[in-house]
Amino acid sequence: MYASKGGLDQAWLDIQPKDKHLGRLAAKLTMEETRQLYMCLKAKEPDQSWKVICDNYNRMGYGFEIKFYALRDWKLSTRNSTFKHLQQNLMRVGIDSHKLCQILREVQTDSDLAAEKLYVKPSRSDMTLLQNHIGQTEDVLDKWRKHHQATYDVLAKTLYRLNLSGILEYLTYEIGLKDQLKDRINDNREEIIRNIVNADIIDHMMTQLVISADDRRRIEQHAGQDDQNKVLLDIVMKRREPSYSVFVGLSSVTDQHYKVRLQKNYSEIICNIIHESIVDRLIECDVLSIDDRQKIEAGQSQKEKNRKLMDNLLHMRECKKGYTEFIKALGADSTYTDLARQIDNTEVTSNDLLTFERYLKSAGND
C-alpha cells in the first residue's frame, strides 16, 4: 500500500527517498514547481543554493538535472529528508502530493519474456543498440550495467517510465553463457585480483585440465599475490572456455563467499543481534523493502525475526551489496563492532566454496 486518505501510507512517511524516487519526482515537476518546493525544503540560504545549482547546469541545457540535483541537495543537507517532510511541503506549495504515490508505484510492463531472460544483465551488444536509439549515453549505461541490479526487467521499466518502451523491440535479449562469464570476470576484475585464493584455485584448475604446469610456473614466478592473480586472470581470459566456467565456479567472482561468511557466523548472528536498526539501515540502502520488513516483524521471537532477516540476505540474487550494507549496519552500533569485524575477517577457502557449490547443486539452486 502506498497511499491512505491522508496521503502516503504510514510505513513510508519516515523513510528517506532514494535518488531514484527523487529522479522520478523531478520528471513530474516543472522548473517553477521545483523551485518553489526547494525554497520550502531547503533550510539554509535556499536562494543562493538554487542559483548555484542553476548556474552549474543551465549553461549545458540540463533542465532535468537542475530539478534532480536541487531535490538531492535538500536530501543531503538535512536529517529530516523524509517522505513525510516532502509530502508536507508539496501540499504547502499547492502541488498534488499524489505524485509521491506515483513515484513509489513500480511500473508493470507487458513483456512476454521468460523470467530467465528478464533477470539477467543486458548484453553489451544490446547496450550499443540502445545508444543508437536514445543518443550518446555510453558512460551512463556502462556505469549502470556494472550495478548489481542491472537487468532487462529494470531496463524495460525505466524505458516505460520515460515513454520510450518502443525501443524494447530492437533489443535481442540474447546473451550466451560465454558472454555472461566474460562480463562477470571483466566487471569484477579488481575484486578478483584482491580476493582470490590463488594457490588453491590453480590446484583445482590443473585438476580440471584447464591450465598446465607451465602456466603455473609462469604465474608463480611473480612475487606478489596481486601480480600472480593478474597473470592467472589473463590466462583465463585468453583461454576462454572451459577456463571461464571452471574459474568462475571456483573464484570469488560469484557472491558465494559473502554467503559463506554469513553462514559460518549464522548462530552468533541469530543469537546476538536486535534487528530493528539494522533492518532500517538496509531499507535506506535499498537492500530490503517495506514488505521485507513486515515479513521479518511477523516472527514470533527475536531469534525468529533474525532468521527471517538472514533468509533475505542469503537468498538475494547478488549478495554482495546486502552483505556489505549488513556489515556497515553492524559496525555502526558499538554493540556489534566486534561481530562485524569477526564476520568480515572470516576465512573463506576454495574448499568452502566448492562445498557450498555442491550443496547448491544438490538442492537444485545452481
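Exposure proxy ranking for L288, L13, based on other Cβ atoms within 10 angstrom of each Cβ and starting from the fewest, stands as L13, L288. The H on the amide N of G299, modeled in the peptide plane, is under 5 Å from the matching H of no residue at least 5 residues off or on a different chain. For the pair the range 50-104 and the range 219-233, the centres of their Cα atoms are 49 angstrom apart.
By other beta-carbon atoms within 10 Å, ranking L71, L232 with the fewest at the front produces L71, L232. Phi angles of the range 13-27 translate, via the Karplus equation with coefficients 6.51, -1.76, 1.60 and θ = phi - 60°, into HN-Hα couplings of 4, 8, 8, 7, x, 7, 4, 5, 5, 5, x, 5, 5, 4, 5 Hz per residue; Gly and Pro are given as x.
Could you pull out every residue, at least 5 positions away or on a different chain, whose amide H is within less than 5 Å of the one on V287? Hs are placed 1.01 Å off N in the peptide plane, and Pro or chain starts have none. Residues meeting the amide H criterion: none. Fewest-first ordering of W144, W74 by other beta carbons within 10 Å of each residue's beta carbon gives W144, W74.
Quick note: the coordinates plus some simple rules give every number you see, no bench work behind them. Keep in mind that what you see is a predicted model, and the values were worked out from it rather than measured. Heads up, the Cβs are rebuilt from the backbone with ideal geometry, glycines too, and the neighbour counts pull from every protein chain shown.
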